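First comes the structure, then the notes that go with it.
Any read-out appearing in this document is the output of simple, stated calculations on the displayed coordinates, not a laboratory observation. What you see is a predicted model, and the numbers here were worked out from it, not measured in a lab. Here the Cβ is made from the backbone with ideal geometry for all residues, glycine too, and neighbour counts use every protein chain on show.
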Amino acid sequence: MELFGPFIAAILTLMVLSYIFGDNVLFKLATHIFVGVAIGYAVIVVWSHVFVPLFKRGDLLTAVPALVLCLLLVFKIPLRPSPLGAVGNIALAFVLGVGAALAVGGVLLGTLLPQAMETARISLNPNHYPDTQTEVGVVTWLNNIIIVLGTLGTFFYFTYAVRAQGFLGGLREGFVRFWAGMGRLVIIFTLGALFANTVSARVALLVSRLQFLLSFFGG
């Protein structure tokens with residue numbers, strides 16, 4: 001395998017890079033291979049690390065329903081609509097429901113609430129940030145102010161309310177619009193940074209693949 005591994009990697013890399021000339025059979029074949037290998041690996045990992053330990057412990061109450069749901073997904077394989085496809089919808093609905101619940105719970109408990117709690121703990125008193133050997137206190141204080149303002153602005157950006165009437169209503173609307181505008185800028189900068197990070201990561205992968213091809217064909 002060590003002898004044929006580099007050859008297979010080089011061929012698959014060239015097949016993927018052939019997409020530069022447009023969608024073609026080689027690119028589709030490479031994507032099918034990658035998807036098939038990923039699914040096969042996932043099935044093996046789930047079976048060996050999830051189902052086998054459950055059966056060894058005798059935890060049939062957890063293992064059997066999970067295995068039945070996995071087997072029901074087989075009915076979703078046929079491309080043509082069939083009455084049996086509705087049976088597979090049961091497992092698919094369970095997977096989507098659990099995934100959505102985990103995603104919402106992860107966002108609330110792992111991102112939103114910790115961000116709000118950590119922001120509330122930040123002190124805006126510059127006397128609490130003395131200079132150290134590694135950082136300047138004023139810089140840390142300014143960074144914390146930016147974090148607080150950015151977090152508040154982002155929360156206000158997702159504020160939805162009925163337009164209020166009167167002087168106080170207009171004052172509140174102007175206040176919310178101001179902070180929502182700041183939140184919009186923070187979101188734009190954040191998405192821009194994430195996009196730049198994604199692009200740089202993809203470019204790094206491309207460079208590594210090109211270096212591999214050069215070293216492979218260059219000997």
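Which of these values of log10 I(q)/I(0) by the Debye sum over Cα atoms at q = 0.11, 0.14 Å⁻¹ was calculated from the structure shown: [x] -0.63, -0.91; [y] -1.04, -1.12; [z] -0.52, -0.86?
[y]
So what are the ³J(HN,Hα) numbers for the range 8-25, from phi and the Karplus equation (6.51, -1.76, 1.60; θ = phi - 60°), rounded to whole Hz, Gly and Pro as x?
Ordered by residue, 3J(HN,Hα) equals 5, 5, 5, 5, 5, 5, 5, 5, 5, 5, 5, 5, 4, 8, x, 5, 8, 5 Hz.
How would the range 82-191 be classified by its alpha-carbon gyration tensor: rounded, prolate or oblate, with rounded meaning a/c under 1.5 and the a/b versus b/c comparison settling the rest?
Judged from the Cα gyration tensor, the range 82-191 comes out oblate (a/c at least 1.5, b/c at or above a/b).
Which value, in debye to the nearest 20, gives the size of the charge dipole of the chain about its Cα centre, when Lys and Arg are +1 and Asp and Glu are -1 at the Cβ?
It works out to roughly 560 debye.
Within the range 144-213, which chymotrypsin sites (Phe, Trp or Tyr not before Pro) sit in a loop by DSSP and count at most 11 neighbouring Cβ atoms inside 10 Å?
Answer in residue order: 158, 160.
Got a sec to turn the phi values of the range 37-47 into Karplus ³J(HN,Hα) couplings, 6.51 cos²θ - 1.76 cosθ + 1.60 with θ = phi - 60°, whole Hz, x for Gly and Pro?
5, 5, 5, x, 5, 5, 4, 5, 5, 5, 5
Please work out the Cα convex hull volume for the range 130-219 and give it in Å³ per residue.
Convex hull volume per residue, Cα atoms: 125 Å³.
I'd like the Karplus ³J(HN,Hα) series for the range 201-208: coefficients 6.51, -1.76, 1.60, θ = phi - 60°, whole numbers in Hz, and an x wherever there's a Gly or Pro.
5, 5, 5, 4, 5, 5, 5, 5
Which value at 222 nm does the chain reach when only helices count, each DSSP H run of 4 or more adding -39,500 (n - 2.57), with the total divided by all residues and rounded to the nearest 500 deg cm²/dmol?
Calculated from helices alone, the mean residue ellipticity at 222 nm is -25000 deg cm²/dmol.
Can you put 186, 50, 139 in order of Cβ neighbours within 10 angstrom, beginning with the fewest?
Listing 186, 50, 139 from fewest to most nearby Cβ atoms yields 139, 50, 186.
Could you pull out the chymotrypsin sites (Phe, Trp or Tyr not before Pro) across the range 1-91 that fall in loop regions by DSSP (anything but H, G, I, E, B) with no more than 12 other Cβ atoms inside 10 Å?
4
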